[in-house]
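Input: one structure, supplied below.
The values are calculated or read from the model by the stated rules, or taken from the named source; none is laboratory data. Source: prediction; values computed, not measured. Methodologically, a virtual Cβ is constructed for each residue, glycine included, from the backbone with ideal geometry; neighbour enumeration extends over all protein chains shown. Remember, those area values only see protein heavy atoms, side chains included, never the ligands or the DNA or RNA. Shrake-Rupley method; radii C 1.70, N 1.55, O 1.52, S 1.80 Å.
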Amino acid sequence: MMISCAIIDDEYPARMLLKSYIAKFPHLKLIGIFKSPLEVLPLLQEGQIDLIFLDIQMPDISGVEFLRAFHLKKTMVVITSAYPEYALEGYQLDVIDYLLKPFAFGRFAQAVRRAGERIQLREGKPTSIVKEEVVREQEYIIVKADHKTFRINTADILFIEGLREYVTFHCLNQKLISLESLKKLEETLPKQSFLRVHKSYIVNKNQVKTLYGNQLQMHNTSLQIPIGSSYRDMVKKTLF
């Protein structure tokens, strides 16, 4: 199932990051890269594009204004923005996902998966709604920390560090310390995304950047994650 897509963003680094992410999916066909939604409008109106990755703040017309003005019923929209305040309005305009910059590849992959599921539903293929809801529940975990209850997107977790009866969730934009067992988390976190690499560390597979000696370098942080000797062969086989 090929999905034709386009990038609409006025910032060069953002366009290149999205291009590199899209290239990792064989079923995504990049039709074009545009600085303004007005440039791609003819292709959208002709129905040549299934999915667009749309920025919010652009000079000619904002992403939200564009969606309000042109009802893209045949085109799926993923908003990519550094501004969280537009998220509610974005979902009201029926976007399939809202990616808050800077987002990691794992979070981008979730948006691509949702696009595929939306197409399957449109084409009447046997996609279980119950199964979809179960998958979506696994995208988040509930963390109790600092007398509050947090709903954390699993894709935003870089790694989890254990210290006796506590664990620290190192996330893209925050750090949470919770009374929890690392062993219990290893059993409950989705195994397709998380891996125990040390007696004191669980990492998000999608956030691993490089392997250097007995350490892992994660995206968006300078911290080095040690690999336990009993985990080394498994880590290399699974991640590299």
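Which one, 64, 157, 234, projects farthest toward the positive side of the charge dipole computed for the chain from Cβ point charges (K/R +1, D/E -1)?
Projecting each Cα onto the dipole axis, the largest value belongs to 234.
Would you please name the trypsin sites (Lys or Arg not before Pro) within region 46-128 that are DSSP coil residues with at most 13 other C-beta atoms within 10 Å of their C-beta? Present the calculation step by step, with values, prior to reporting the outcome.
Values: sites: 68, 73, 74, 107, 113, 114, 118, 122; in loops: 73, 74.
Filter output for region 46-128: 73, 74.
Moving on. On the protein heavy atoms, probe 1.4 angstrom, tell me the percent of accessible surface of the chain carried by carbon and sulfur. Don't skip to the answer; put the middle values down first.
Values: 6890 of 13350 Å².
The C+S portion of the solvent-accessible surface of the chain is 52 percent.
Give me the 1.4 Å probe accessible area per residue for the chain, excluding ligands and nucleic acids, in Å².
Numbers: 13350 Å² over 240 residues.
Here the residues of the chain average 56 Å² of exposed surface.
Can I ask one more? Go through region 1-52 and name the trypsin sites (Lys or Arg not before Pro) that are in a DSSP coil and have 13 or fewer other Cβ atoms within 10 Å of their Cβ.
24
Something else: Below 15 angstrom from the Cβ of residue 75, what's the summed charge of the other residues (Lys, Arg +1; Asp, Glu -1)?
Numbers: positive: 29, 68, 73, 74, 114, 118, 122; negative: 39, 46, 50, 94, 97.
Charge balance in the 15 Å sphere: +2.
With Cβ to Cβ distances under 11 Å as the rule, what net charge do the other residues near residue 194 carry (K, R +1; D, E -1)?
Numbers: positive: 191, 196, 205; negative: 186, 187.
Taking every Cβ under 11 Å from that of residue 194, the sum is +1.
If the limit is 32 Å between Cα atoms, which of 19/191; 74/184; 35/236; 19/73 go over it?
Details: 19/191 27 Å; 74/184 44 Å; 35/236 40 Å; 19/73 24 Å.
In this structure, 74/184; 35/236 exceed 32 Å between Cα atoms.
Can you work out the Karplus-derived ³J(HN,Hα) for every residue in region 23-36? Use 6.51 cos²θ - 1.76 cosθ + 1.60 with θ = phi - 60°, whole Hz, and x for glycine or proline.
Running phi through 6.51 cos²θ - 1.76 cosθ + 1.60 with θ = phi - 60° gives 4, 7, 10, x, 8, 9, 10, 7, 7, x, 10, 10, 8, 9 Hz.
What FRET efficiency, computed as 1/(1 + (r/R0)^6) with R0 = 41 Å and r the Cβ-Cβ distance, is obtained for residue 61 and residue 221, rounded to the nearest 0.05? If you can, show how the numbers build up before the last one.
Details: r = 36 Å, r/R0 = 0.87.
According to the calculation, E is roughly 0.70.
Another question about this same structure. Could you list the chymotrypsin sites (Phe, Trp or Tyr not before Pro) in region 1-100 that lie in coil according to DSSP, counting only those with at most 15 other Cβ atoms within 10 Å of their Cβ?
Numbers: sites: 21, 34, 53, 66, 70, 86, 91, 98; in loops: 70.
Passing both the DSSP loop test and the Cβ count: 70.
Let me ask something additional. Please turn the phi angles of region 182-195 into ³J(HN,Hα) values with the Karplus equation 6.51 cos²θ - 1.76 cosθ + 1.60 (θ = phi - 60°), one per residue in order, whole Hz, x for glycine and proline.
For region 182-195, the Karplus-derived couplings read 5, 5, 5, 5, 4, 7, 9, 5, x, 5, 6, 10, 10, 9 Hz, x marking Gly and Pro.
Then there is this: Considering only C-alpha atoms, what is the centroid distance from region 53-112 to region 149-223, in Å?
Using only Cα atoms to place each centre, the spacing works out to 28 Å.
Between residue 48 and residue 165, with labels modelled 7 Å along Cα→Cβ, what's the label distance in nm to one decimal, could you check?
Result: 6.4 nm between the two label points.
Turning to a different aspect of this structure: Any chance you could run the full-extension gain for residue 173 through residue 153? It's 0.36 nm times the residue separation minus the Cα-Cα distance, nm to one decimal.
On the way: separation 20, 0.36 × 20 = 7.20 nm, distance 1.12 nm.
Gain on extension, residue 173 to residue 153, equals 6.1 nm.
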